[in-house]
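The values are calculated or read from the model by the stated rules, or taken from the named source; none is laboratory data. Treat the numbers as computed from the prediction; the structure is a model and nothing was measured. Here the Cβ positions follow ideal geometry from the backbone for every residue, glycine too, while neighbour counts run over all protein chains shown. Accessible surface areas use protein heavy atoms only, side chains included; no ligands, DNA or RNA. Shrake-Rupley method; radii C 1.70, N 1.55, O 1.52, S 1.80 Å.
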Amino acid sequence: MTRKMTSNAAALEATYGAHNYAPLPVVLVRADGTHVWDEQGKQYIDMLGAYSAVSHGHCHPRLVAALIDQAGRMDVISRAFLSDRLGEFLELACRMTGMARALPMNTGAEAVETALKAARKWAYTVKGVADDAAEIIVCEGNFHGRTIAITGFSSTDQYRAGFGPFPSGFKAVPFGDAAALDAAITSNTAAFLVEPIQGEGGVVVPPDGYLAKCAEICRDNNVLLMCDEIQTGLGRTGRLLASDHEGVKPDGLMLGKALGGGLVPVSMFLARDDVMDVFTPGDHGSTFGGYPLGAAVGYEALKVLEDDALVERSDRLGKYLLGKLSGLNHSAIRDVRGRGLLVGVEFDTAQYSASDICHELMHKGVLCKDTLRNTVRFAPPFIIEESEIDQAVAALSGVLTKLAA
Ligand SMILES: *Cc1c(COP(=O)(O)O)cnc(C)c1O
C-alpha cells in the first residue's frame, strides 16, 4: 500500500497538536519487524519498541491477520452484551499468569486505576479498614501512567506541577528498600503498588530478593502486593513476568503495552478471586475494554508469545545485548543495567545528555529514547537478531567516539 508523501506532517503536528511530547525529528511512514522507515525511505532499527508495546515485532503477520479477520466480523458491542471472543482471551491470560480472574481495559493507566479501585474496595469490604481511610503505598521514582490520581503520587515534579489537587491516600517509600515498606505499613494499608523493574524511572533494577521480601511483608500484614508489569511483563525481562524471577505471585497484576500486540491498546488488571470479587455490576467499566477486536488481537498476542517461544528469545537476546553494551568501554558510560530486552545505559551528565545521544543514534539509523536519570533505554522487539544488536551497539560506539572527538 502506498501513501502520498507527507513531508509537511511534522509541521501539521506542531501546528495542530498539543506540545505534550518532544519527538525526535523523524517522520515514520512504515514499520515491519524490527525496522521502521522514514519519508525519505531511510531504514532504522527500532531499539525502543514503542516503550515495550512492540514485543512481537512491528505488524506481526499473525497479529495483523487476527486484527483483519476480527474487524471483518464484529467491532465494538460494549459490555452490555457478551461476545464470543472475550472469555477465551481472559482464560488464556489467567492460565499463563496463574491469576484467577481478569478485568480488561485499554491503556496501562486504566489498568492501574482499576487496581487502585480494587485495592481500596478490598480494604473496606474484606480487610475491614474504616471508610475512606485506606492507604496505598507506592515507590519513589514510580511510573504508573498519566491520570490525575496516578500522577498525584509520582515523585517526578513535572508530572505533578500544575495539575493538582490530587486524591489523597498514597504514600511513597524508596524503591528497592523492603525495610522501608515494612516501616510504612499501618493497619489501614490496602496495597503496595510496585514495578518489579522501574522502566520510565530509568531502568532501575532493585537488589536481588527485594520483590520476594516485599511479598513476604505484604503477606504477613494482609496487604495486597500489586505488580505493575505493563512494561516488564509478557517476556520483556526474559521471563513471562518480571516477578517470576523471584518466584513471586502477586495478588494483583497489571498488563498492557505488548498485550495489544503493538496494534491496539489492550490492558488488563488480573487478581486473585477475593480481590476481583469486590467489583459488582456498575462499579467499574470501560466502553472499549475487552471489545472483540482487542480481545482477538490480545489472545493472538499471547498465543504468539508461546508458539514462537518469544520469552526465551528475550532472555537469550537480552543477555547478548547486555553483554555487548557492558563491553563498551567509554568514560561517558556510568552504568549499564537491565534484564532481558529491557536495558538502560546511563551517561555521565557532565559529559553528554542521553537526549543528544539519541539524536546522534537517529542519524546512524538507530531509534531509541532517553528516559529519567540521563539513561537511554533499549527495548527492541524480541524478534531482533544478534546481527541487528551488533549494528545498534556499533552505532552507539561510533556516536561516543564522534562526540569525544
Ligand atoms: C507505560 C506504563 C504505564 C502506562 O501505560 P499507558 O498505556 O501509557 O497508559 C503504566 N505503568 C508502567 C510501568 C508503564 O511502563
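Worth pointing out:
- Among the candidates LEU67, LEU63, LEU90, the residue that is part of a helix (DSSP H, G or I), more than 16 Å from the ligand (Cβ to nearest atom), within 21 Å of LEU240 (Cβ to Cβ) and open to solvent by 10 Å² or more (accessible area, probe 1.4 Å) is uniquely LEU90.
- Single match in ALA301, ALA354, ALA309 (criterion: free of Cβ contacts under 8 Å to residues at least 24 places away in the same chain and surrounded by 22 or more Cβ atoms within 10 Å (Cβ to Cβ)): ALA354
- Within segment 155-178, not a single residue is more than 14 Å from CYS218 (Cβ to Cβ), open to solvent by less than 20 Å² (accessible area, probe 1.4 Å) and part of a loop (DSSP other than H, G, I, E, B).
- Pick from segment 138-153, criterion away from the ligand (no atom under 11 Å from the Cβ), part of a loop (DSSP other than H, G, I, E, B) and free of Cβ contacts under 8 Å to residues at least 40 places away in the same chain, ranking: surrounded by the most Cβ atoms within 10 Å (Cβ to Cβ): PHE153
- Only one entry of ALA161, ALA190, ALA242, ALA180 meets the criterion of being more than 16 Å from the ligand (Cβ to nearest atom) and within 30 Å of LEU322 (Cβ to Cβ), and that entry is ALA180.
- Selection status of ASN222, open to solvent by 30 Å² or more (accessible area, probe 1.4 Å), at pLDDT 95 or above, polar (S, T, N, Q) and at positive phi: yes
- Just one of the numbered conditions (1) in contact with a Pro (Cβ under 9 Å, 6 or more places away or on another chain); (2) away from the ligand (no atom under 14 Å from the Cβ) is not true of GLU229: (2).
- Criterion: away from the ligand (no atom under 13 Å from the Cβ) and in contact with a helix residue (DSSP H, G or I) (Cβ under 7 Å, 6 or more places away or on another chain) - qualifying residue of ALA109, ALA100: ALA100
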